[in-house]
Amino acid sequence: MKTLFCLVAVLLVVSVRAASSPAQSPSAANASALAAVAMADDERQAATKAGDRSRLEAIFSDELRYGHSSGKVDTKTSYIASLVSHQTVYESFEYRERTFLPAAPGIILMTGRVLIHASNGEQKVENDLNFLAVWREENGQWRFLSWQSCKAQPAAVK
């Protein structure tokens, strides 16, 4: 419940900020940035599945805060250690929805829903998650700054 509250609070802050700033039409610069972040996220997924330290170091911000749906929070160091040691192995990411929204200069929010197949040791895990991720431009490169997710509600049975 705390995770959901945090996610809602972040979305409210972003909504208030967006409502208080003048409406903008998508520009070529925004379109280019959104495309670059989509490509960066594709690379993040590939590096995460591979557990490739150098690729993960390059795509994750040094200030990474990764909030799992379980409530566990990782830093860049702890998350990379988990991936490289294969303590956690991500097998696939299946986006049901993935949208990008410029929030401020050099900041793009990624929201949506994803089905993640992973394993922790011998245990297979399938998580259907709603998420909010933050990408930040750092020295001309889009870096993964933050992730917060919560388990999606199962579809109602009719």
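The table for this structure:
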quantity	calculated
Selected residue (only one of Arg113, Arg96 is within 11 Å of the chain's Cα centre (by Cα), modelled with pLDDT of 95 or more and surrounded by fewer than 17 Cβ atoms within 10 Å (Cβ to Cβ))	Arg113
Residues of region 29-62 classified as among the acidic types (Asp, Glu) and within 14 Å of the chain's Cα centre (by Cα), total	3
Residue in region 128-142 that is touching a Ser or Thr at 6+ places or on another chain (Cβ under 9 Å), among the β-branched types (Val, Ile, Thr) and either farther than 21 Å from Ala46 by Cβ or surrounded by fewer than 18 Cβ atoms within 10 Å (Cβ to Cβ) (or both) present	no
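The values are calculated or read from the model by the stated rules, or taken from the named source; none is laboratory data. What you see is a predicted model; the values in this text were computed from it and never measured. With ideal geometry, Cβ positions are generated from the backbone for all residues, glycine too; neighbour counts draw on all protein chains shown.
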